[in-house]
Amino acid sequence: MKIFVDNRPFDVHAGQSLLQACLTLGFDLPYFCWHPAMGSVGACRQCAVKQYKDEADKRGRIVMSCMTPVTEDLRISVKDAEVSAFRAGVIEGLMISHPHDCPVCDEGGECHLQDMTVMTGHNYRRYRFNKRTFRNQYLGPFVNHEMNRCIQCYRCVRYYREYTGGRDLDVFALRNLAYFGRYEDGVLENEFAGNLVEICPTGVFTDKTLKHHYTRKWDLQMAPSVCVHCALGCNTTAGERYGSLRRIVNRYNGEVNGYFLCDRGRFGYEFVNHKDRIRQPLARKNGRLRPVTRSEALSQLRSILSGAKLAGIASPRASLEANFVLRALVGPERFYAGVSEAQYRLTAAIIELLKTGPAHTPSLREIERSDAVLILGEDVTNVAPRMALALRQSVRQAAFRLAEKLHIPVWLDHPVREAAQDLRSPLFVAATHGTKLDDVAKEAFHAAPLEIARLGFAVAHAIDASAPEPANLSEEMRALASRIAEALKGASKPLVVSGTSLNSQEVVDAAANVAWALCRIGKPASLSFTLPECNSMGLALMGAKPFVEGMEAVRNGEADSLVVLENDLYRRTSRENVDALLATAQHVIVLDLLANPTTAKAEVVLPAGSFAEAEGTLVSSEGRAQRLFRVYAPGGDVQESWRWLRDMMAEAGRQEATAWETFDDVLGSTAQAIPAIHGAVGAAPPATFRLAGAKIPREPHRYSGRTAMLANISVSEPKPPEDADSPLSYTMEGYPEQPPPALTPYFWAPGWNSIQSVNAFQEEIAGPLRGGDPGVRLIEPRPGNGYRSCVSEAFVARGEAWLLAPLYHIFGSEELSPWAPAVSELAPQTYVALRPDDASRLGAEEGQEVEVQWNGTAHRLPVKFRADLPAGVAGLPVGLPGTECAGLPVWAKISKPL
Amino acid sequence: MFSILRTLWNILLHSFRPRVTIQYPDEKPYLAPRYRGRIILSRDPDGGERCVACYLCAVACPVDCISLQATEDEHGRRYPDFFRINFSRCIFCGYCEEACPTYAIQLTPDFEICEYDRQNLVYEKEDLLISGPGKYPDYSFWRVAGVQIGGKAKGESEREDAPADVRNLLP
């Protein structure tokens, strides 16, 4: 389609708004209320352009570009004097009450309002009257509120209420006093509230964790990173200053996280700066761990390694490369995956299902575009939060279809919502308890894990009669299954979501059967599994042996020493098992970031680099291999795990280790040795990549203080550290051109200092990044056939015992993020969840302690009522300190203590 | 021949002219108040630190010789946790003063900061902070900023209405 902008012809895609087209073409057109993920509402009147009837029309008329669809031969002017004056006038009006805060505002330097004000040329205040003011609210440990700065663009409430489904942020009062906040002070309830920081075009909502160590965007040394707090692999930009990690912002990846992150990913980073970080090698002397120098540690390792029969415990939160060097150190025969038995079997089964079945694993963008979803046994919001946000968008597909039928452009947000009202595409949730997605679900089914699996098998059978049918189905379940089957069959892009949360093979099999049945009747169904940790998929692809075999090998003397890579074994199996394992092993060498119960029992502890201090490849639950880069060179003895393991190999006299000088050497060997992850090499350009002969700077060209920041130590500036492992450099010098997307350290474009500069990096607004979205998919389906056989045994509640089902908390269940003070503030204390009627049967009030016995151990836990649990099922939160939760669900006895 | 004689004559005339060179350090030269010498950090009329740690001086500095870290007191007043100028790199261009939105950083007519050891040219906040407002006796950024600090609640800055009652729907 051809349009004319200021009499120059341009080719644009049909079906988008004029604003989107102009931004794609690179015109600097200011806007506030429009957001690429949320469409247009035409509220701020800032994106005005002049539209002409035809070539002869010289007068034209002013239109809002965000509300105007592109049409063939459309003639507009962006530069016209009248329309420029109009835009400057609008911004002058918006700025009337904007306070004189920029110097103390955290948004300053990356403020969309600043950018737009400069862009329109409004630079002098003429308004001489009083400004309106507001009181601020406490909104929790993540988001800071400063309402005076508001320009009433309504983006925050549109995002919070309409996009994320939050209920507790709204607009109050009227006219120039419109107030955006909560009814009363309190923590924002939504898990995606942190995105308000980027959604807000000015400084009303800012990052409160950044405030504690505030740094301007231009002063951050940044690198492309990948979130390590769940398995989805959201792309992030991590920023450092003065040797500490300062913040995480979203890094757009069209296929993965798009414009948004969850709060765990955004605010969980502070574990990197924790005072309990292991920063130098520790060795046990006279029964106590003491700091030693690097050379002392290595010489001690040399004596341990000579003649030792090593077993290696790999980690689902360490990179592929670190795990590979461990595998090389101990040998593939003694290379064990440090995950629970159930997780090990399930991830292996999931890979098998994804590789052999016809259903493919969708990216988050594809999930967003699915038009019928069945969630089997997952509390997605708490396990893989960003996916929950994508699923919430998927229910709008029906609205988009309707809008198309009514000839309403899908980006015209309010008309689409008005037309659709409560029309949603079907989403079914089957979980052991209520989930946050239930409010958009067509039906929510709460039952024990086995029943969830049986429902899944029944749905598969209802779709394709050749799929096995569970016996003894109740009429209700059969009816529900057929309703779900009808909805999935009626969809054009059905999706089945399941995962490892319930530790249930049956649930995973049932999910596969549903997706495969859909494929068999000709629907392009996709099948998504959530996994617990950032590299669970990668570790499973490496083919490590199960942890139990490792414990067995130590017990029977096949191995006498352990090398534990970034893994707290006490999270993987029962306390006795780990105690016995660590006591039997003659030497225990642990590499980790933070002090934990496993490091406390080690003989030698080596300080491993966190995600911000090490480069590596992680494989997301989608099967996408993504590279993350060092943000800064860690000081002291901290180094990447793979380097420590390589040094250990060198100490042990292993010649092959000497060839692994740089990251690319290790990556090359990894890919060569393990064909399943061969594609990981292509996740990012190699370290030899240069842009116009130069490395890509991690620091923005306005980075300040280079000759002063270390002057207190020595006035002679040291040479910046060199990075032989990546094409990025620790400097601000480089060629001013956009690097390839996998190497983009931060988004910035001339005139666009805010995060919205990502517009200039996309092929098309809200489309893929220029050069393709980063990441390489490692798992593609092969058209297979055959169903998984189903379980027929129904779940029967036992009067005297409860099935203890795992409950996940977005803040608390994951291992690393609770080390961040802001996240730990929101993490709950451990408890046991009981139905109120069960609790009253026990005579326990809410908050009272009861004794819960499982696997031969007794725990005293306070009771929390959850009416949404099915009969005979109790809930236990996973990962909180104070309880062992590997191997849930289990049958437990609950009694009131005397 | 003539030019040589003219040169000699000119030199002779110069010996009767007033002398430009002064006997520094016994005699001090006059320096205008806006001379760009040693940098100081000033205080506002109330005696509080003027610097709000906005980082604009640091980013304006062409030789990157200013580094600081922002922090806040318990009432939300922002100030630099540390503020460092490496005078061995400073070129006294005055861009920092020009960039400063609060008149905190000022250049003074003092140039006598030579040192035998370069390390001594690294000035910390204690070395930079003076006790008065410097060239701008009346200005206080906090009186015009919209944020709340200790001793100044919302709506108490210059040209501000009292905080809105957001429960009120009257037109």
Taking Lys and Arg as +1 and Asp and Glu as -1, residues besides A:Arg555 with C-beta under 15 Å from its C-beta add up to -3
Based on the alpha carbon coordinates of the range A:613-770, what radius of gyration and maximum Cα-Cα distance (Dmax) apply, in Å? 18.1, 56
Kirkwood-based Rg/Rh on the Cα set of the range A:51-203 evaluates to 1.04
Solvent-free Debye scattering, log10 I(q)/I(0), computed from the Cα coordinates of chain A at q = 0.06 Å⁻¹: -0.42
Between their Cα atoms, which of A:Lys211/B:Lys125; A:Lys208/A:Lys695; A:Lys275/B:Lys154; A:Lys442/A:Lys896 are more than 28 Å away from each other? A:Lys208/A:Lys695; A:Lys275/B:Lys154; A:Lys442/A:Lys896
Net charge, A:Glu603 excluded, C-beta distance under 11 Å - Lys, Arg +1, Asp, Glu -1: +3
Cα convex hull volume per residue for the range B:1-88, in Å³, equals 197 Å³
Tell me, what is the percent relative contact order of the range B:29-128, built from C-alpha pairs under 8 Å that lie six or more residues apart? 37 percent
Under-5 Å amide H pairs with B:Ser157, H placed in peptide plane, nonlocal only: none
Could you give me the ³J(HN,Hα) list for the range A:230-243, computed from phi with Karplus coefficients 6.51, -1.76, 1.60 and θ = phi - 60°, whole Hz, x at Gly and Pro? 7, 8, 6, x, 5, 7, 10, 10, 9, x, 10, 8, 6, x
Once Lys and Arg are counted +1 and Asp and Glu -1 for all other residues with Cβ under 11 Å from that of A:Ala858, the total becomes +1
For A:Thr530, distant residues with modelled amide H under 5 Å away: A:Ser498, A:Gly499, A:Thr500
Could you work out the equivalent-ellipsoid semi-axes for the range A:178-256, taking the square root of 5 times each eigenvalue of the Cα gyration tensor, largest first, in whole Å? 24, 18, 12
Restricting to chain A, compute how many DSSP beta bridges are antiparallel as a %, nearest 5. 55 percent
Rg/Rh for the range A:14-89, where both radii come from Cα atoms and Rh is the Kirkwood radius: 0.94
Taking N as the number of residues in chain B, what value does Rg over Cα atoms divided by 2.2 N^0.38 Å take? 1.57
Roughly what % of Cα-Cα distances in the range A:410-481 sit above 13 Å, to the whole percent? 71 percent
Remind me, relative contact order of chain A in percent, using alpha carbon pairs under 8 angstrom and six or more residues apart? 15 percent
Ratio to report: Rg/Rh of the range A:241-299, with Cα atoms as the point set and Rh obtained by the Kirkwood method; give two decimals. 1.23
Between the range A:369-439 and the range A:51-78, the alpha-carbon center distance in angstrom: 35 Å
Cα to Cα, under 16 Å, and not fewer than 8 places away if on the same chain: which lysines meet these conditions relative to A:Lys493? A:Lys523
For the range A:362-459, go through all pairs of different Cα atoms, get the mean of 1/r, take its inverse, and jot down that Kirkwood value in Å. 14.1 Å
Straight-line reach from A:Lys893: which lysines fall under 20 Å, measuring Cα to Cα and dropping same-chain residues less than 8 apart? A:Lys864
Taking amide H positions as placed 1.01 Å from N in the peptide plane, with prolines and chain starts having none, which residues 5 or more places from A:Leu876, or on another chain, fall under 5 Å of its amide H? A:Ala805, A:Leu807, A:Ala833
Dividing the convex hull volume of the alpha carbon atoms of the range A:688-800 by its residue count, what do you get in Å³ per residue? 328 Å³
Sort A:Ser498, A:Ser17, A:Ser319 so that the residue with the fewest other Cβ atoms within 10 Å of its own Cβ comes first and the one with the most comes last. A:Ser17, A:Ser498, A:Ser319
Evaluate the Debye formula for the range A:218-350 with equal point scatterers sitting on the alpha carbons, no solvent, and hand back log10 of I(q)/I(0) at q = 0.11, 0.18 Å⁻¹, in q order, two decimals. -0.63, -1.19
When all Cα-Cα pair distances of the range B:29-128 are considered, the percent exceeding 23 Å is 24 percent
Please give me, ordered by residue number, the GluC sites (Glu not before Pro) of the range A:648-728 that lie in loop per DSSP and have at most 14 other Cβ atoms within 10 Å. A:Glu661, A:Glu722
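Since every read-out is calculated from the coordinates, none of them should be taken as a lab result. Because the structure is predicted, anything quoted here is derived from the model rather than measured. Glycine gets a Cβ as well: all are built from the backbone with ideal geometry, and neighbour counts include every protein chain shown.
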